[in-house]
Amino acid sequence: MGIRINAYAVDLPKFDAFLNTSLADLLLQYQRNGIDGDTKFQFSIGNAPEHFCAIPGGVIYAFMGEGAARHREEFTEDKLRVIEILQQPARKHLSSENIYQALCLLRAFGNCKGIDFIKQLIDGHRRHWIGSMLQSAQPILTLSEFKELEFLFVRILRDINCGFKMSIGDAGFVRDGLPFVPEDDPDKRFGRWSEKECSSAILLLSKIMAASPRFERPPEFSALADDGDWHDWTRDNILSLLKICDLDYSDCNMLSFIG
């Protein structure tokens with residue numbers, strides 16, 4: 001599969017309030033309102049063997065026990081209400097578990113009726129288009145604009161190569177103001193654009209697209225097997241990020257995952 005990027009726009013105040021919801025209620029909400037039957041909302045808690053899952057329009061179940069005793073068990077709402085560990089809020093869960101739990105929540109509830117504060121922007125695309133975009137952007141932007149763009153995308157890439165030689169190392173991410181405390185897992189690295197950085201990204205990416213560049217493979221990936229039309233693939237990813245323009249969010253942040 002290789003290294004993949006997922007990115008989501010979130011309206012931070014609404015997302016903050018949403019994370020007060022208990023894990024039991026999240027399972028029930030996704031069962032009732034999830035849109036894509038192929039996308040499950042699933043999670044484990046700590047080192048406990050139970051693995052919970054909700055299917056839109058289907059059942060809520062968990063794999064319980066270990067070894068030969070492991071089995072699948074379905075749950076009614078009444079049964080969920082008496083499982084103490086499921087009464088904890090999502091905020092606590094995301095702040096004490098691995099980063100994959102946050103990705104799973106965003107993936108599921110970004111595709112759920114009644115959720116107007118999570119928008120999927122990039123779904124599992126590889127990173128090479130970023131190198132292509134930066135390569136094309138360099139002659140279009142001023143030096144200061146290009147440095148700003150490079151910094152924004154280092155936020156997504158962290159220290160992972162995109163095929164274009166970067167002048168910045170891993171910029172890390174800023175936890176301040178986030179409604180949960182994300183784990184910094186080297187196998188699934190978390191990134192973030194603040195509201196101000198989202199606005200900067202829109203301006204810079206819009207300027208690039210206005211110049212109608214032809215996106216080509218970055219030098220370090222010139223021998224990579226073709227994945228269709230490289231120009232269209234890069235353009236489509238940029239346009240996906242520019243969907244932020246259409247979101248009426250009071251405090252838009254972009255949360256990303258790479259690994």
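To the nearest 20 debye, what is the magnitude of the charge dipole of segment 123-258 about its Cα centre, counting +1 on the Cβ of each Lys and Arg and -1 on the Cβ of each Asp and Glu? Using only the charged Cβ atoms, the result is roughly 300 debye.
Projecting the Cα atoms of Asn20, Phe221, Met64 onto the charge dipole of the chain, computed from C-beta unit charges around the Cα centre, puts Phe221 farthest toward the positive end.
For the chain, the relative contact order works out to 28 percent when only alpha carbon pairs closer than 8 Å and six or more residues apart are counted. The fewest-to-most ranking of Leu19, Leu157, Leu239 by surrounding Cβ atoms within 10 Å reads Leu239, Leu19, Leu157. Centroid-to-centroid, using Cα positions, segment 104-174 and segment 35-60 are 28 Å apart. The charge dipole of segment 96-177, taken about its Cα centre with unit charges on the Cβ atoms of Lys, Arg (+1), Asp and Glu (-1) only, comes to about 220 debye. In the chain, the longest principal axis of the Cα atoms and the axis of helix 143-157 are about 30 degrees apart. Per-residue ellipticity at 222 nm, computed for the chain from helices alone with -39500 (n - 2.57) per DSSP H run of at least four residues, works out to -11000 deg cm²/dmol. Remark: spin-label model distance His51-Leu203 equals 4.6 nm, labels positioned 7 Å along the Cα→Cβ axis.
Sorted fewest first by neighbouring Cβ atoms within 10 angstrom, Phe151, Phe117 come out as Phe151, Phe117.
Each Lys and Arg contributes +1 and each Asp and Glu -1, all at the Cβ; summed about the Cα centre of the chain, the dipole is approximately 180 debye. Note on Leu247/Ala210: beta-carbon distance plugged into 1/(1 + (r/R0)^6) with R0 of 22 Å gives a FRET efficiency of 0.60. Each of Thr39, Thr21 has some number of other Cβ atoms within 10 Å of its Cβ, and from fewest to most they run Thr21, Thr39.
Based on alpha-carbon atoms, the Kirkwood radius and the radius of gyration of segment 123-258 give Rg/Rh equal to 0.94.
Just so you know, all these numbers are worked out from the coordinates, no wet-lab data involved. Everything quoted here is computed from the prediction, not taken from an experiment. When we count neighbours, we look across all protein chains shown, and the Cβ atoms used for this are built from the backbone with ideal geometry, even at glycine.
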